[in-house]
1. At 7 Å along Cα-to-Cβ for each site, give me the label-to-label distance between His234 and Arg157 in nm.
2. What fraction of the Cα pairs in segment 46-110, stated in percent, has a spacing above 14 angstrom?
3. Given the C-alpha centroids of segment 162-207 and segment 235-288, what is the distance between them in whole angstrom?
4. How big is D, in µm² s⁻¹, for segment 185-292 by Stokes-Einstein at 25 °C and 0.890 mPa s if Rh is the Kirkwood radius over C-alpha pairs?
Amino acid sequence: MLQRGSLCCTWPMPGSRAEGFTRTSRSEMKLSERIRSPYNNQAVSLKLLHHFVVVCEATSLSRAAHVLNVCQSNLTLQMSDLERRMGVQLMHRSWKGVELTEAGQILLPEAKGMLRRFEKVKAQVQQAHLHGRVDLACACFSVPDYAAVPTAARMLRRNDGRFEVKLTEMPSSAQPIALENGQINVAVMLGKLPNIHFRVVKLMEAKTSLLTSEGHVWARSSEAVSLKHLVGEHFWMVDRTVEPVLHHVTTRALMNAGIPNSAMRTAGSLKDVIAQVATGSGVALLPDCLGSVGGGGVLCRVPVADGPVMDLVAAHRGFKSNKGTKELIDCLVAAAAGESEARTPTWSRG
């Protein structure tokens with residue numbers, strides 16, 4: 001007998017076959033969820049896609065490992081893991097380098113598009129979080145040695161407090177990839193790199209000077225020296241994979257002056273070259289735009305009469321990539337020219 005206002009509910013007992021009721025254990029539910037997921041054990045991270053793009057751009061696992069600053073064996077394992085997750089072979093490996101298969105050629109543009117879309121979404125999310133502040137990323141192969149780069153960052157911050165410039169050091173061989181993926185907005189480099197398809201503005205012409213240790217015989221020279229007078233010296237140069245333009249221009253200038261290949265040595269990055277010259281083990285040809293190199297009683301600069309001239313340029317993807325890109329380029333032009341106000345640059349297709 002139920003009293004008025006009471007509620008009575010009847011639940012199926014365990015083992016009953018009530019219509020519309022199916023009892024599922026927790027372990028069975030987890031198993032069914034794993035079976036329904038189409039991406040189980042096939043998840044591909046953005047890091048794997050980025051490393052795949054770098055390997056394709058470098059056409060070599062060793063060069064890609066140098067650009068990414070990772071161990072070549074680890075990078076090889078990552079590419080094998082990517083192929084396992086995709087279920088197909090993406091590249092053929094040989095001592096000559098890597099060659100994409102048909103599947104790899106299909107994946108490459110899609111991977112680039114995914115990375116670009118992620119960076120675009122990431123930038124939008126960060127801009128919403130920053131409440132109007134605009135972050136810009138500018139890269140060059142030696143930030144402390146480029147007086148124009150930090151000067152331009154301070155100039156932009158002084159002109160408009162919304163902009164914040166992050167300066168990073170990056171080899172020229174890695175800068176086009178970083179521009180394409182949206183990791184940086186502006187790249188400052190010597191000359192135009194091959195296969196670069198971005199907008200380029202010329203900042204200045206950099207003449208060449210001879211960098212020696214303070215106690216070197218040429219450090220006491222008050223006049224410009226000729227490269228032909230430097231036969232017998234050992235010349236330190238940056239590695240071709242780190243700074244291809246500087247390496248190529250320096251090598252050609254020394255060969256035209258009759259300097260044998262046995263007198264040319266590579267030391268990796270620009271910092272390594274400066275360190276070798278400071279020990280007195282040789283000399284180096286460097287552009288004048290590296291303003292802070294020298295001085296301090298350790299290094300000395302000597303002008304070279306017949307040295308090559310290199311262009312200091314800035315490259316970026318376009319004004320639409322970030323609303324502060326044009327302002328940063330204008331400040332770079334002004335800082336490189338030594339002007340107090342930004343002037344409009346002359347653009348050319350790179």
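Just so you know, all these numbers are worked out from the coordinates, no wet-lab data involved. Fair warning: this is a prediction, and the values are worked out from it, not measured in the lab. Glycine gets a Cβ as well: all are built from the backbone with ideal geometry, and neighbour counts include every protein chain shown.
1. Using points 7 Å along Cα→Cβ, the separation is 4.1 nm.
2. 51
3. 22
4. Answer from the Stokes-Einstein relation: 165 µm²/s.
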